Amino acid sequence: MESNPYLEVFIDESKEHLQAINDNLLELEKNPKDLTIVSEIFRSAHTLKGMSATMGYQDLSNLTHIMENVLDGVRNEKINVDGEMIDVVFDSMDDLEAMVMDIAEGGSGKRNVKKVVQLLEAIESGEIMETSSSSKDSSVKLHKQMKRKLEVDEFTLTVLQQSQEQGQANYMVEVRLREDCLLKAARVYMVFEVLEQLGEVIQSQPSVEQLENEEFDTSFSILLITAESKKDVSEKINKVSEIENVEVEEFSIEDYMETYNADASPKDDEVQEESERSKLEDKQNTRKHSKGRQARNKTIRINIDRLDLLMNLFEEFVIDRGRLKQVSNDLKHDELQETVERMTRVSADLQSIILNMRMVPVETVINRFPRMVRQLSRDLNKEIDLNIVGAETELDRTVIDEIGDPLVHLIRNAVDHGVESPEERKAKGKPATGTLELKAYHSGNHVFIEISDDGNGIDREKVMSKAISNGVVTKEQALNMTDIQMNELIMESGFSTADTISDVSGRGVGMDVVKNTIESLGGTITIESELNQGSTFCIQLPLTLSIISVMLVEVQKEKYAVPLSSIIETAIVKKEDVLHAHNKQVIDYRGKVVPLIFLKDILEVPQMIIEEDYYSLIIVRKGDKMAAFVVDSFIGQQEVVLKSLGDYLSGVFAISGATILGDGQVALILDSNALIK
């Protein structure tokens, strides 16, 4: 069988199983006596092993098998769960993940795992190696006792006879699930999937409906027509996880008729007719179940490149939509305007659907953090509980792709600098175990991600001293800074308050990169901290970067776009109401002093003499900082497609991109954060 068409699915599902094992290992370490967690880990490992073997990645399958032996020992209470044992299993997980990544990059998945194999075998050695054959024999014996004879109607017997004449085999397949199987219906589904690839499922006992509703114990029988051998059928079913035993026997029509006639009791015609009708319906339902199963699958995997292509095409459509709207307004044609309005409403729904298709849960980024925090805690001899809230919160994949590294740095900083050692915490009257919380949630058109700890907090005096000595601020400036402004100094380039340099953090790099990355995504980061109580880093990100809502303005007859996400409101102020402070023009905005930023000067727009008695202002905010952009006129709100300026123009100050307007003109999109700074 050609494996390439299934490679992408194999890689995706392998990553899902590896992540499930990682998550459950962390839970097992907290609850070492909970064997249900072990069963979950074993189930994922067993499935991964079978998939790897099927795809021909034997090294991956072999290592998983050895790890599975250790898990089986834990499940049978022959191996105790402790930190060292979990460490070794995590080491094997690192190798498995590296193998899968190698396969994803076009490699063979081969890797030198001799060391970790020796460690796993050392854990498994001793009494763990002694397996109880008697329990296995009794399981097989019990299975044989539970074998059922299928009641086959005359029509089915004819089909079976014809298949024999055509050289195919009729098998009765007896499948027994493990006693600890949690999702029996799902395993039945997977068995049916395997059998349908081998031949045609004719009948099952219990019925399909009963199997779907889990109205059976642990075993069921299937009548199969196939050209495959008994050995092939058995081996392929056994690759499904949580299968205890599989028996495949040839279904002899002659033997069946002898047994059936001997056991059958007389029935009157009406009862016989009802029985035959019931069996015929069951057979039809079985076939319908087989053919319709794919239609009931509500999810499909889509290559992300296809979604990117779809988004690019829709962006072009949005540009043309704006152009068409402009033309209809110029022509003032009623029917054309009505059609354009309807198209706008429909395309808005389409836009919402496409954007939702590109949404990815934050979980895809943060699911690696529990393992990372565990390892860092052990390296630093700290005790830390990580709580994750809102992992299902969704973000556009373009944002997700960029946000991972900044979050990793913030987590590492919190573990290294934030949370104290158990001894320090006890001395401060705190619990020995520190708490680190990562929370994600939606608010309006933004996603907020907060990283909080109950550790040291930020020492204002220490930050001030360092900032002054590094020449970041003067002493006078530092004394007048608010706590929030002082906290933001730690995100200046090269700034660090760490007393020693470690492999975890404290090298004077990183926080400025975190800030720049977040701001490049159109987001902001703020810090709240209280000494000896803890710190909270709050990241605000836009839901999507492709299509944004803006306020179009004119500056000396040139058009610019300001993202609505940063605008508080628009205003018109008389020139005589403008004040002066520190050689700057400012206004009194609701009791706050807000500086004026003249875009015509900042952007060096060719000057035209326009005498007005007032200023048109756009009030914008970045954290607790505010500014008023001075423009010449407002055009209105509009949804636009954000286009990159390319590498050559990527460094232009205060410009984050460009868009094409309905009249074909190009409007530059302003970076409000850069202008406020």
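Listing for the model above:
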read-out: Residue check for Glu27: part of a helix (DSSP H, G or I), within 21 Å of Ala186 (Cα to Cα) and within 22 Å of the chain's Cα centre (by Cα); value: no
read-out: So Glu341, is it on the phi < 0 side of the Ramachandran plot and modelled with pLDDT under 85; value: no
read-out: Of all residues in region 652-677 being closer than 21 Å to Lys325 by Cβ and not aliphatic (A, V, I, L, M), the one that is surrounded by the most Cβ atoms within 10 Å (Cβ to Cβ); value: Thr659
read-out: Subset tally (residues that are in a strand (DSSP E or B) and either hydroxyl-bearing (Ser, Thr, Tyr) or over 12 Å from Val594 (Cβ atoms) (or both)) for region 626-638; value: 7
read-out: Matching entry among Gly56, Gly73 (being at positive phi and in the same structural domain as Arg111 (by TED's automatic domain parsing)); value: Gly56
read-out: Single match in Thr536, Thr544 (criterion: part of a loop (DSSP other than H, G, I, E, B) and in contact (Cβ under 8 Å) with a residue 12 or more places away in the chain); value: Thr544
read-out: So Thr54, is it within 27 Å of Met190 (Cα to Cα) and surrounded by fewer than 19 Cβ atoms within 10 Å (Cβ to Cβ); value: yes
read-out: Those residues of region 30-46 which are basic (Lys, Arg) and either in contact with a strand residue (DSSP E or B) (Cβ under 9 Å, 6 or more places away or on another chain) or in a helix (DSSP H, G or I) (or both), in sequence order; value: Lys30, Arg43
read-out: Elements of type helices (runs of 4 or more DSSP H) contained in region 395-490, each with 1 or more residues being within 32 Å of the chain's Cα centre (by Cα) and of a type in the set (D, E, K, R); value: 397-413, 483-488
read-out: Among the candidates Asp72, Asp87, residue that is surrounded by fewer than 18 Cβ atoms within 10 Å (Cβ to Cβ), at pLDDT 85 or above and part of a helix (DSSP H, G or I); value: Asp87
read-out: Matching residues, region 207-242, being of a type outside the set (A, V, I, L, M, F, W, C), surrounded by fewer than 18 Cβ atoms within 10 Å (Cβ to Cβ) and farther than 29 Å from Ile41 by Cα; value: Glu209, Ser229, Lys230
read-out: Cβ pairs under 6 Å, 6+ apart, first in region 552-571 and touching a residue at least 40 places away in the same chain (Cβ under 8 Å), second surrounded by 16 or more Cβ atoms within 10 Å (Cβ to Cβ) and acidic (Asp, Glu); value: Glu554/Asp632; Val555/Asp632
read-out: Filter result for Thr433 (within 26 Å of Glu315 (Cβ to Cβ), in the same structural domain as Leu521 (by TED's automatic domain parsing), among the hydroxyl-bearing types (Ser, Thr, Tyr) and touching a residue at least 24 places away in the same chain (Cβ under 8 Å)); value: no
read-out: Region 562-595, subset loosely packed, with under 14 Cβ neighbours inside 10 Å and of a type in the set (Val, Ile, Thr), residue farthest from the chain's Cα centre (by Cα); value: Ile572
read-out: Criterion (without any contact (Cβ under 8 Å) to a residue 60 or more places away in the chain and loosely packed, with under 15 Cβ neighbours inside 10 Å) met by exactly one of Ala391, Ala348; value: Ala348
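The values are calculated or read from the model by the stated rules, or taken from the named source; none is laboratory data. Keep in mind that this is a model prediction, so the values were computed, not measured. Every residue, glycine among them, receives a Cβ derived from its backbone with ideal geometry; neighbour counts consider all protein chains shown.
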